[in-house]
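Enquirer: Could you have a look at this structure, given as structure tokens, before my questions?
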Amino acid sequence: MHILITGAAGMIGAKFLQRLARDPGALGRPVTRLTLADAYPAAAPDGLAAAVEVRVGDLADTGAAAALIAGRPDLVVHLAAVVSGEAEADFEKGYRVNVTGLTALLEEIRAANVAEGYRPRFIYASSIAVHGAPFPERLDDDVAPAPLTSYGTQKAIGELLLADYSRRGIVDGIGLRFPTIVIRPGAPNKAASGFFSGILREPLAGKEAVLPVADTVRHWFASPRSAAGFLVHAATIDLAPLGQKRTLTMPGLSATVAEEIEALRRFAGEAAVALIRREPDPAVARIVAGWPERLDARRAESLGFSADRSFDDIIRAHVDDEGIGAA
Ligand SMILES: NC(=O)c1ccc[n+]([C@@H]2O[C@H](COP(=O)([O-])OP(=O)(O)OC[C@H]3O[C@@H](n4cnc5c(N)ncnc54)[C@H](O)[C@@H]3O)[C@@H](O)[C@H]2O)c1
């Protein structure tokens, strides 16, 4: 099986690759070839008995998508994206990567589909940012996207493209609306949602973290381990039950900042909690107020997708996966 991963150098790409390395039988058939595409060089994890090709370049550049699809991957995992903060700050870059880059990939597949019937499975990374406040009581897959950001709009456009190219038999497509993934490993990034990870990751490493919003803020989360699990499941299940509705809200955990902090207290004690410095930031608070607090993922759950049950589980997964000791 040949897998193309775009955005392979990113966080979810790295977690998916680690999962494949740990569990080579996860996809039900051997991975013989991997093409890892990103604007930065992706690291192939040790232990994967596959031919690995690392491709560095901008997916939206002319010819880039053609070069990736020329290898006729059986599975395309499309993760490359300009994420929320940057897509809002740089309108052109967001549309270029998130819409033009995706369209270029799908068009290359269409050309090969017309010529030779090529039809890969195509997993598209969408986001709960396709929804915007005010939210209905029940936020499930029957609620039409109403994004309040350019990023959310671009992700919603991608969902529609995926559905249409799937309906026409060009790809066997599935879209996953990821919850906010915590705890994001590595250095803090500038995403407005970054503090949800930072207030756990930094104290667990003995460092100070800034909390810019109230403890009462509630949001929808899943761990990087669950994100990798969503991709594995999406790669293997029968997609016929999806019908024309190709995108699914992924399961997650609805929790408040206070609940995150309580889980940190249980795991690492008072000293770790004391490293969280409250520094209200009205701009961040305003952005966060436009995000969903909980979603209804019963459709995905009925198809076998599952996620973390508590922040205790999420902290434990982070500590185990990143090799961090408790404070
Ligand atoms: N992490 C989350 O909480 C979350 C939530 C919802 C949706 N998602 C989506 O999941 C996907 C992966 O997320 P992530 O957290 O791993 O993001 P990430 O930022 O860590 O990784 C994205 C990768 O895409 C690459 N990229 C960006 N523009 C590119 C271009 N023009 N050409 C080639 N590569 C390019 C980046 O270099 C980066 O390595 C993204 O599509 C994101 O929108 C993530």
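The values are calculated or read from the model by the stated rules, or taken from the named source; none is laboratory data. Please read these numbers as outputs of a predicted model, since none were measured by experiment. Note: ideal-geometry Cβ built from the backbone for every residue, glycine included; neighbour counts use all protein chains shown.
Enquirer: Of the conditions (1) surrounded by 15 or more Cβ atoms within 10 Å (Cβ to Cβ); (2) touching a residue at least 12 places away in the same chain (Cβ under 8 Å); (3) within 10 Å of the ligand (Cβ to nearest atom), G194 satisfies every one except a single condition; which number is it?
Expert: G194 satisfies all of (1) surrounded by 15 or more Cβ atoms within 10 Å (Cβ to Cβ); (2) touching a residue at least 12 places away in the same chain (Cβ under 8 Å); (3) within 10 Å of the ligand (Cβ to nearest atom) except (2).
Enquirer: Select the strands (runs of 3 or more DSSP E) contained entirely in the stretch 204-296, then report the ones holding at least 1 residues which are surrounded by fewer than 21 Cβ atoms within 10 Å (Cβ to Cβ). Show your work before the answer.
Expert: On the way: elements: 209-211, 218-222, 247-249, 253-256, 276-278.
Counting at least 1 such residues, we get 209-211, 218-222, 253-256, 276-278.
Enquirer: Still on this structure: Test V82 against the criterion of being farther than 21 Å from L17 by Cα and surrounded by 14 or more Cβ atoms within 10 Å (Cβ to Cβ), and give yes or no. Steps first, please.
Expert: Working: farther than 21 Å from L17 by Cα: no; surrounded by 14 or more Cβ atoms within 10 Å (Cβ to Cβ): yes.
Taking the combined requirement at face value, the residue does not satisfy it.
Enquirer: Kindly indicate whether F311 is more than 20 Å from the chain's Cα centre (by Cα) and within 18 Å of F196 (Cβ to Cβ). First the steps, then the outcome.
Expert: Numbers: more than 20 Å from the chain's Cα centre (by Cα): no; within 18 Å of F196 (Cβ to Cβ): yes.
No, not satisfied.
Enquirer: Just wondering, is there one or more residues in the stretch 4-23 that are assigned to a loop (DSSP other than H, G, I, E, B), within 17 Å of T103 (Cα to Cα) and hydroxyl-bearing (S, T, Y)? Spell out how you get there, then give the answer.
Expert: As a first pass, look at the stretch 4-23 and keep what is assigned to a loop (DSSP other than H, G, I, E, B): 7-10, 23.
Among the residues that remain, those that are also within 17 Å of T103 (Cα to Cα) are: 7.
When the remaining residues are screened for being hydroxyl-bearing (S, T, Y), the result is none.
No, the stretch 4-23 has no match at all.
Enquirer: Being of a type in the set (A, V, I, L, M) and more than 13 Å from the ligand (Cβ to nearest atom) is the filter here; which residues of the stretch 77-91 pass it? Steps first, please.
Expert: Of all residues in the stretch 77-91, those of a type in the set (A, V, I, L, M) come to 77, 79-83, 87, 89.
Result: A89, single match.
Enquirer: Identify the residue in the stretch 4-57 that is among the acidic types (D, E) and in contact with a strand residue (DSSP E or B) (Cβ under 9 Å, 6 or more places away or on another chain) and, among all such residues, is farthest from P224 (Cα to Cα).
Expert: Just the residues of the stretch 4-57 that are among the acidic types (D, E), to begin with: 23, 38, 46, 53.
Pick out the ones that are also in contact with a strand residue (DSSP E or B) (Cβ under 9 Å, 6 or more places away or on another chain) and you get 38, 53.
Working: D38: 19, E53: 24 Å.
Ranking the candidates gives E53 first.
Enquirer: Please determine whether any residue of the stretch 165-186 is surrounded by fewer than 19 Cβ atoms within 10 Å (Cβ to Cβ), over 21 Å from I12 (Cα atoms) and at pLDDT below 95.
Expert: no
Enquirer: Please enumerate the residues belonging to the stretch 189-201 that are out of contact with any Lys or Arg (no Cβ under 8 Å at 6 or more places or on another chain) and not hydrophobic (A, V, I, L, M, F, W, C).
Expert: Once the filter is applied, which keeps residues that are out of contact with any Lys or Arg (no Cβ under 8 Å at 6 or more places or on another chain) and not hydrophobic (A, V, I, L, M, F, W, C), the stretch 189-201 yields N189, K190, S193, G198.
Enquirer: Answer yes or no as to whether R167 is within 16 Å of the ligand (Cβ to nearest atom), touching a residue at least 12 places away in the same chain (Cβ under 8 Å) and of a type in the set (D, E, K, R).
Expert: Taking the combined requirement at face value, the residue does not satisfy it.
Enquirer: Does the stretch 123-131 contain any residue that is more than 14 Å from the ligand (Cβ to nearest atom) and either touching a residue at least 40 places away in the same chain (Cβ under 8 Å) or touching a Gly at 6+ places or on another chain (Cβ under 6 Å) (or both)?
Expert: Keep residues of the stretch 123-131 that are more than 14 Å from the ligand (Cβ to nearest atom), which gives none.
No, that holds for no residue.
Enquirer: Looking only at the stretch 61-75, how many residues end up being aliphatic (A, V, I, L, M), out of contact with any strand residue (DSSP E or B) (no Cβ under 7 Å at 6 or more places or on another chain) and within 15 Å of L102 (Cβ to Cβ)?
Expert: 4
Enquirer: Now for a different question. Among the listed residues A60, A37, A66, which satisfies the condition of being under 22 Å from R110 (Cβ atoms), in contact with a helix residue (DSSP H, G or I) (Cβ under 6 Å, 6 or more places away or on another chain) and more than 10 Å from the ligand (Cβ to nearest atom)?
Expert: On the way: A60 fails: more than 10 Å from the ligand (Cβ to nearest atom); A37 fails: more than 10 Å from the ligand (Cβ to nearest atom).
Every option except A66 fails the conditions.
Enquirer: Then there is this: Being within 11 Å of the ligand (Cβ to nearest atom) and under 30 Å from R218 (Cα atoms): is that true of G94 here? Outline the logic, then answer.
Expert: Values: within 11 Å of the ligand (Cβ to nearest atom): yes; under 30 Å from R218 (Cα atoms): yes.
Here the answer is yes, as G94 does meet what is asked.
Enquirer: Conditions first: (1) part of a helix (DSSP H, G or I); (2) within 11 Å of the ligand (Cβ to nearest atom); (3) under 21 Å from R278 (Cα atoms). R184 passes all but one, so which condition is the exception?
Expert: Only one criterion in (1) part of a helix (DSSP H, G or I); (2) within 11 Å of the ligand (Cβ to nearest atom); (3) under 21 Å from R278 (Cα atoms) is unmet by R184, namely (1).
Enquirer: Also, quick follow-up: Tell me the helices (runs of 4 or more DSSP H) entirely within the stretch 40-104 that contain at least 2 residues that are in contact (Cβ under 8 Å) with a residue 40 or more places away in the chain and in contact with a Phe, Trp or Tyr (Cβ under 7 Å, 6 or more places away or on another chain).
Expert: Details: elements: 64-69, 84-89, 91-95.
Answer list for the stretch 40-104: 84-89.
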